[in-house]
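The values are calculated or read from the model by the stated rules, or taken from the named source; none is laboratory data. Computed from a prediction, not measured in an experiment: that's the story for all the values here. Methodologically, a virtual Cβ is constructed for each residue, glycine included, from the backbone with ideal geometry; neighbour enumeration extends over all protein chains shown.
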């Protein structure tokens, strides 16, 4: 049975692992969508990493970093679930759900009232996780040129 550990990344080594997974995520999404995500401010995000986040979460499977996500402030009382990504070799083990639950708990702990996210309709596994957690569709909440799905969860 694999050993899964989901936790808030705080050490320089763990933060570096999250950063590496986020870069891998961006490469995956940009290849999947065929579109550059720089409109999201990724240059600033990675230049100041991890200062733009309230919390980072890392999943290790048998000691190896395999998945990550972040909680990012958006507006007063609203945070975002950002960059949820799981390496293909670790998918299907409930890791995305565990990371999302950790991020939601942290959002509540930090006093946020809502958590927003955006995703692509074609990412069916991610959409299934968000729906299972109770996220609901909302109107576009930021300037995004893609046909994205925007969702919100009351915390």
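Screening residue 72 with (1) under 16 Å from the mean Cα position of the chain (by Cα); (2) more than 25 Å from residue 5 (Cα to Cα); (3) at pLDDT 95 or above gives one miss only, at (2). Condition check: surrounded by 14 or more Cβ atoms within 10 Å (Cβ to Cβ), at pLDDT 95 or above, farther than 21 Å from residue 131 by Cβ and out of contact with any strand residue (DSSP E or B) (no Cβ under 8 Å at 6 or more places or on another chain). Does residue 60 satisfy that? No: the conditions fail for residue 60.
Filter the stretch 88-109 down to the residues that are at pLDDT below 95 and either under 15 Å from residue 132 (Cβ atoms) or outside any helix (DSSP H, G or I) (or both) and list them by number. Listed by number, the residues that qualify are 91, 92, 93, 94. Within the stretch 101-132, being farther than 24 Å from residue 28 by Cα, surrounded by 13 or more Cβ atoms within 10 Å (Cβ to Cβ) and without any contact (Cβ under 8 Å) to a residue 40 or more places away in the chain holds for one residue alone: 105.
Out of 25, 85, 32, 53, one residue alone is farther than 20 Å from residue 143 by Cβ, in contact (Cβ under 8 Å) with a residue 24 or more places away in the chain and in a strand (DSSP E or B). It is 85. Every listed requirement among (1) free of Cβ contacts under 8 Å to residues at least 24 places away in the same chain; (2) touching a helix residue (DSSP H, G or I) at 6+ places or on another chain (Cβ under 6 Å) is met by residue 61 save one, (1). Among residues of the stretch 135-152 being within 19 Å of residue 85 (Cα to Cα) and modelled with pLDDT of 95 or more, the one that is surrounded by the fewest Cβ atoms within 10 Å (Cβ to Cβ) is 150.
The number of residues in the stretch 35-49 being within 17 Å of the chain's Cα centre (by Cα), assigned to a loop (DSSP other than H, G, I, E, B) and in contact (Cβ under 8 Å) with a residue 24 or more places away in the chain comes to 1. Among residues of the stretch 133-152 that are over 11 Å from residue 119 (Cα atoms), those with a beta-carbon under 6 Å from a residue that is part of a loop (DSSP other than H, G, I, E, B) and modelled with pLDDT of 90 or more at least six positions away or on a different chain give the pairs 152/138.
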